[in-house]
Amino acid sequence: MFKRILAPTMVGFLLAAGMTEATAAPQPPTLASGEEFEAAIAEGRYDDALGMLDAIQAHPNFRSAQPQMRATVLLLRGGLLVELQRREEAIEAFREAALANPEASEAWFSLLELVGLDLDHTAMARVLTEAVQRSPRLREEIVDDYVYFIAQSEEVPDDVAFELRAALFDYGWRARHDDGIWFRHLNDLMERDDDQRALAVVREIESPSGQARLLAARRYDGLREAAGLTEPDFTALTLEDLERDRAAAAETGAPLSTRLDLSTTLMDLGHYEEVLAVTEAGLASLESDDASEDWSTQTWLMNYRSRALMELGRHDEALLEQQRAAGRLENGGRNISQTINLGWTYLRLGRSEEAMTAVAGMVAGDDISAYGVMQAVQVRACAAHALGDTTTVEASMAHLSGNWDDAPGAYLEALACVGDIDGMAELTIRRLGDPDHVDQALADLHDYLEPGVQTEHDRRVRAALIEMRSRDDVIAARDAVGRQLTLPTRGSQF
């Protein structure tokens, strides 16, 4: 973003857009044609260029100038200050540019990028909150995944996260898959006894999974009744969702991410052959830049293709596709997610030694999240159990037990691998009593579509899950906080 601001075409555009407004009196002096300014930038004389902007900004009429002109000067100033490594001043310049002309989305994005260099999620959340409140243009242009990342970050304090989610909802930001954000906001509002705003959030939750979550948890019953919601037809809702995804992916010039969305929906519905067709089309021309969004999307298309092949019983092809996904870089480094998925694929195929090798060395560190570590340790625990390596099993289960809330599903499935039904029941009852985990615990107890072709590992884990779900203590804990649903999609095991 910073380099783009000072690129010749961008400088020319900004000057044309902002400086032409200087003809209305009274105005500060302009950069005339801008040729001297552009030359200074082209020659790397950033101090000289900054001096020209300083002269304009120092003029007594600068603060009364047209907003677009002031934003132009401040945006260019921020870009120059970045080049001169005067970061704090650059942050202030971008902030002033954004406030001078809230529609200048370049200023907001530059500010977000500069603040984000330290990966300070709290600072990023605060800037994003202000940007969402002030700039309709930014709300339309910002990448949804960026919003999800910041709004869902566990590093952001609760009060700051609440303000961000409130801004996103109240100022009209909406995205295709935003239910996770809205449920966190809904729960915050309920804790604050803000029923009116909570009701508004409930009315915005329309996805099949969101509707299921509202119906499954008894704590939402009052809001559902107030909103006039009846029990949904989940089959109809799911098919409508599928048709929306199909239409989005079929649009001319549709981004590759729409094929990934469609693949996800198709997998959930068990339409495995169509998953193969959609992913094959998305992989027809492979992206060459491993830092691009399409590269990452194609990697995940490979993952979905592998999973569909597994469910069709085409195991050799599935393994080759997952190996291909795991072998692709992720932002210049190892691909954590797909390597773990490769380990899981080996595990499902009964190739336990290779599963252990795949996830070897995956421990807490800068390039792997706590959730990722839990997934890797789950694979390690299951593989070690199959190999009779009790020492590794005990160490792995100790980690999973001590950090269960980082990834409860990983711990639950590891317990299923080793056949600890009592441990599975204890964990499930604990999750049902925890406000942060109850919704997913309920989701894990619903009735879903039968899976596709199952391996021996799959059958063993599934049998353990079914046995745990049928226990009287689990049923009683479930019914105290929610209800079991029958849904036309696949469960979380696969």
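The table below gives the values:
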quantity	calculated
Flag for Ala277 being small (Gly, Ala, Ser), free of Cβ contacts under 8 Å to residues at least 60 places away in the same chain and either out of contact with any strand residue (DSSP E or B) (no Cβ under 8 Å at 6 or more places or on another chain) or within 27 Å of Val202 (Cα to Cα) (or both)	yes
Enumerated helices (runs of 4 or more DSSP H) restricted to region 64-171, each holding at least 2 residues that are on the phi < 0 side of the Ramachandran plot and open to solvent by less than 10 Å² (accessible area, probe 1.4 Å)	67-83, 87-100, 105-115, 121-134, 144-151, 158-170
Near pairs, Cβ below 6 angstrom, 6+ apart or cross-chain, from region 108-136 (within 10 Å of Leu164 (Cβ to Cβ)) to any residue that is among the basic types (Lys, Arg) and open to solvent by 20 Å² or more (accessible area, probe 1.4 Å)	Val132/Arg139
Region 63-80 residues that are without any contact (Cβ under 8 Å) to a residue 24 or more places away in the chain, paired with ones that are in a helix (DSSP H, G or I) and open to solvent by 10 Å² or more (accessible area, probe 1.4 Å) (beta carbon under 8 Å, 6 or more apart)	Arg63/Arg70
Region 283-335: number of residues that are open to solvent by 60 Å² or more (accessible area, probe 1.4 Å) and either among the hydroxyl-bearing types (Ser, Thr, Tyr) or assigned to a helix (DSSP H, G or I) (or both)	10
Pairs with Cβ under 9 Å, 6+ apart, first in region 465-494 and open to solvent by 60 Å² or more (accessible area, probe 1.4 Å), second of a type in the set (Phe, Trp, Tyr)	Thr486/Phe234; Thr486/Tyr448; Ser492/Tyr448
Among the residues listed as Glu280, Glu274, Glu243, the single one being open to solvent by 50 Å² or more (accessible area, probe 1.4 Å) and touching a helix residue (DSSP H, G or I) at 6+ places or on another chain (Cβ under 6 Å)	Glu274
Residues satisfying the stated conditions in region 96-122, i.e. in contact with a Leu (Cβ under 7 Å, 6 or more places away or on another chain), of a type in the set (A, V, I, L, M) and at pLDDT 90 or above	Ala97, Ala98, Ala100, Ala107, Leu112
Criterion (in contact with a Ser or Thr (Cβ under 8 Å, 6 or more places away or on another chain) and at pLDDT 95 or above) met by exactly one of Ala308, Ala277	Ala308
Looking only at region 246-271, and only at residues there that are part of a helix (DSSP H, G or I) and free of Cβ contacts under 8 Å to residues at least 12 places away in the same chain, the one that is most open to solvent (accessible area, probe 1.4 Å)	Ala250
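The values are calculated or read from the model by the stated rules, or taken from the named source; none is laboratory data. Values in this document were obtained by computation on a predicted structure and should not be read as measured data. Here Cβ is always computed from backbone atoms with ideal geometry, including for glycine, and neighbour counts include all displayed protein chains. Calculation scope for accessible area: heavy atoms of the full protein, side chains included, ligands and nucleic acids excluded. Shrake-Rupley method; radii C 1.70, N 1.55, O 1.52, S 1.80 Å.
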